[in-house]
C-alpha cells in the first residue's frame, strides 16, 4: 500500500472524489457540488493506493495557525478494519506535524468515534447534526 499526497484535479483526485461520494455522500442522498470541490483546491489531499486502485483517503484543512482539521475520511467498505484508516491517520498526523501544526480537530460521524478514540482522539463538546447525521468534535494534540 502506498500513502501519498495527491494533486487537485488529477486522475487520482477524481478517484478520491468518487470514493468519498460512494462512501460518505450517496448513502445520505447527497452529491458534491462544483463549488464544494473547487473549495478543496488548496487542501492537503491524502490517499492510500494499491497499484492504481484507491483504498482510502482523507484531507487536511487549516483552521487557524497551529490547528488543522481532518475531513472526508473514507475507506472502501470491504477494506474497513484492515488497518488502512489507521495508516492514513498516522500519515496525516505526520504531515500535519511536519507543517508545524500542534492540534488536529475533526467533525467525526458518531458511528466512527470508537475508531478515532483508538488512535488517540478525544471528544470535545456535545453531539450535533451535520449532513443529517450525528457528529462529535474530536481532537488530538500532536
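The values are calculated or read from the model by the stated rules, or taken from the named source; none is laboratory data. Just so it is clear, the model here is predicted, and its values are computed rather than measured. We place every Cβ from the backbone using ideal geometry, glycine too, and count neighbours over all the protein chains shown.
Which residue is farthest from residue 50 (Cα to Cα), if the candidates are limited to segment 23-32 and must be part of a helix (DSSP H, G or I) and over 14 Å from the mean Cα position of the chain (by Cα)?
Here is the first cut: in segment 23-32, the residues part of a helix (DSSP H, G or I) are 23-28.
Now narrow it down to the ones that are over 14 Å from the mean Cα position of the chain (by Cα): 26-28.
Working: 26: 24, 27: 25, 28: 27 Å.
So the residue we want is 28.
Assessment of segment 68-81 against the conditions (part of a helix (DSSP H, G or I), farther than 23 Å from residue 134 by Cβ and out of contact with any strand residue (DSSP E or B) (no Cβ under 6 Å at 6 or more places or on another chain)) yields at least one matching residue. Against the test of being surrounded by 13 or more Cβ atoms within 10 Å (Cβ to Cβ) and either out of contact with any strand residue (DSSP E or B) (no Cβ under 8 Å at 6 or more places or on another chain) or part of a helix (DSSP H, G or I) (or both), the options 85, 56 yield a single qualifying residue, 85. Here the condition is being outside any loop (DSSP other than H, G, I, E, B), touching a helix residue (DSSP H, G or I) at 6+ places or on another chain (Cβ under 9 Å) and over 20 Å from residue 139 (Cα atoms); of 108, 47, it holds for 47 alone.
In segment 119-142, the residues that are on the phi > 0 side of the Ramachandran plot and loosely packed, with under 12 Cβ neighbours inside 10 Å never reach a residue that is modelled with pLDDT under 95 and assigned to a strand (DSSP E or B) with C-beta atoms less than 6 angstrom apart, at least six apart or across chains.
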